[in-house]
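Asks: Okay, here's the structure, questions in a sec.
The values are calculated or read from the model by the stated rules, or taken from the named source; none is laboratory data. Quick caveat: nothing in here was measured; it's all calculated off a predicted structure. Heads up, the Cβs are rebuilt from the backbone with ideal geometry, glycines too, and the neighbour counts pull from every protein chain shown.
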Amino acid sequence: THPEVVFSGIQPTGVPHLGNYLGALKQWVEMQNAAPPETKLLFCVVDLHAITQPQNPEELRRRRRETMAMLLAIGLRPERCVIFEQSRVSAHAMLMWILTTLAPVNLLARQTQWKTKLAASEVRSPLDPDGSSKLKLGLFSYPVLQAADVLLYKTTFVPVGEDQVQHLELARSLAGKFNRTFGETFPIPRVRLAPAKRVMSLSHPTVKMSKSGAANSQINLDHSEEEIRKRIKTALTDSTTIITYEPEKRPGVSNLIEILGHMTQRSDFEAIGRECAGLSMKHFKERVADSVIEGMKGISEEYHRIMREGDGYLDGISREGAEKANELANRTMDDVMRAVGM
Ligand code: ADP
Ligand code: NA
């Protein structure tokens, strides 16, 4: 049996939030700490994905640094994991091109994420007032680049949140298609979901917490204790005073119960609801805030410490990571190019 290869990515589109942490990042650290030494672990800041939505270059540069810093602050160790920026490994784009020749447009058209992102972007160009040419090929083909990210390292495990499952189905299908067309080259990667599949927005609890959501919708991993308390205190709940876990009827309170559960390693949300039933909304929210502060202890301090280090520090880690990633990627590309006939 081959050693496992774990790959996952995060976009440098803002400081990572509690949804990213519970849905993905926390799992990355746990896998790092539990995996046998022969397991390869790669964690990537997917900057080529970030530019599928309009980005300001100065801001993108800053956010790449912030995201790298946060990957270290949560406890990923560069001695153990390959931590790198996607744009430093050109083979991601090369393999994507090859996979586009196998990717049916009608399958891409069925992906839900580009539709959501397109609907959310409010930019209307004066040359295109009805928005009909707003969908760019980059955003539409995003899942093919994501398939390339994963397959480039012959990945076997991809720890992500639920919003990525549909994209990974496509990656699995492209891997199978490549193998059938050109000969066995890629393992079929398996998805691994964290217990927190989907953390909801604090201000709109029927949509997922996202870096592109309103400021008061998120708890970011660089927030101070006061900020965390404030955001949870103002989280949207309803006017029913008793606390119950009813995700359909009461998404706001139920999201907070789930957060409390995830922060304390519990998944018996109904039971947590019953235990909190007698608390006032104010006290319940304080309990939730306590659990978040306790569960994220030290991350924000470590993040700010890393951000105060000179630019050379993060740059060095990113270069080293890219060097290792390039080496692995080139090995796969040798196989791929040979298989295709180039
Ligand atoms: P965002 O959607 O906030 O821009 P990314 O696209 O960079 O975040 O996703 C990074 C990882 O975080 C992915 O594995 C994604 O599935 C996970 N993730 C993002 N938002 C959530 C959420 N609200 N709940 C659980 N996991 C999430
Ligand atoms: Na996402």
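Asks: I'm trying to understand the selection: among the residues of the range 89-122, which are within 16 Å of ligand 1 (Cβ to nearest atom), surrounded by fewer than 12 Cβ atoms within 10 Å (Cβ to Cβ) and part of a helix (DSSP H, G or I)?
Replies: The one that is within 16 Å of ligand 1 (Cβ to nearest atom), surrounded by fewer than 12 Cβ atoms within 10 Å (Cβ to Cβ) and part of a helix (DSSP H, G or I): Ala119.
Asks: Another question, then. Quick test of your reading of the structure: Ala235 fulfils all but one of (1) within 16 Å of ligand 2 (Cβ to nearest atom); (2) under 30 Å from Glu59 (Cα atoms); (3) surrounded by 17 or more Cβ atoms within 10 Å (Cβ to Cβ). Name the failing condition by number.
Replies: Every listed condition holds for Ala235 apart from (1).
Asks: Restricting to the range 155-206, name every residue that is touching a residue at least 24 places away in the same chain (Cβ under 8 Å) and more than 16 Å from ligand 1 (Cβ to nearest atom).
Replies: Across the range 155-206, the qualifying residues are Thr156, Ser173, Leu174, Ala175, Lys177, Phe178, Thr181, Phe182, Gly183, Thr185, Phe186, Pro187.
The rows are residues; the columns are (1) under 18 Å from Asp163 (Cα atoms); (2) more than 16 Å from ligand 2 (Cβ to nearest atom).
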| position | (1), (2) |
| --- | --- |
| Val207 | yes, no |
| Ser224 | no, yes |
| Ile228 | no, yes |
| Tyr245 | no, yes |
| Arg250 | no, yes |
| Asn255 | yes, yes |
| Thr264 | no, yes |
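Asks: Go through the range 207-234 residue by residue and tally those that are within 14 Å of ligand 1 (Cβ to nearest atom), of a type in the set (Gly, Ala, Ser) and at pLDDT 95 or above.
Replies: Qualifying residue count for the region: 1.
Asks: Could you tell me which of the residues Gly213, Gly176 is small (Gly, Ala, Ser) and over 30 Å from Asp290 (Cβ atoms)?
Replies: Only one candidate passes the filter, namely Gly176.
Asks: While we're on this one: Tell me, please, whether a residue that is away from ligand 2 (no atom under 16 Å from the Cβ), within 26 Å of Asp315 (Cα to Cα) and out of contact with any helix residue (DSSP H, G or I) (no Cβ under 6 Å at 6 or more places or on another chain) can be found in the range 92-115.
Replies: Scanning the range 92-115, I find at least one residue that is away from ligand 2 (no atom under 16 Å from the Cβ), within 26 Å of Asp315 (Cα to Cα) and out of contact with any helix residue (DSSP H, G or I) (no Cβ under 6 Å at 6 or more places or on another chain), so the answer is yes.
Asks: Does any residue in the range 15-30 that is more than 20 Å from His304 (Cβ to Cβ) come within less than 7 Å, Cβ to Cβ, of a residue that is away from ligand 2 (no atom under 14 Å from the Cβ) and of a type in the set (Lys, Arg) six or more places away or on a different chain, and which pairs are these?
Replies: none
Asks: Among the residues of the range 328-341, is any modelled with pLDDT of 95 or more and at positive phi?
Replies: yes
Asks: Does Leu48 meet the test of being over 16 Å from Pro159 (Cβ atoms) and either away from ligand 2 (no atom under 11 Å from the Cβ) or in a helix (DSSP H, G or I) (or both)? Step through it out loud before you land on a result.
Replies: Numbers: over 16 Å from Pro159 (Cβ atoms): yes; either away from ligand 2 (no atom under 11 Å from the Cβ) or in a helix (DSSP H, G or I) (or both): yes.
Yes.
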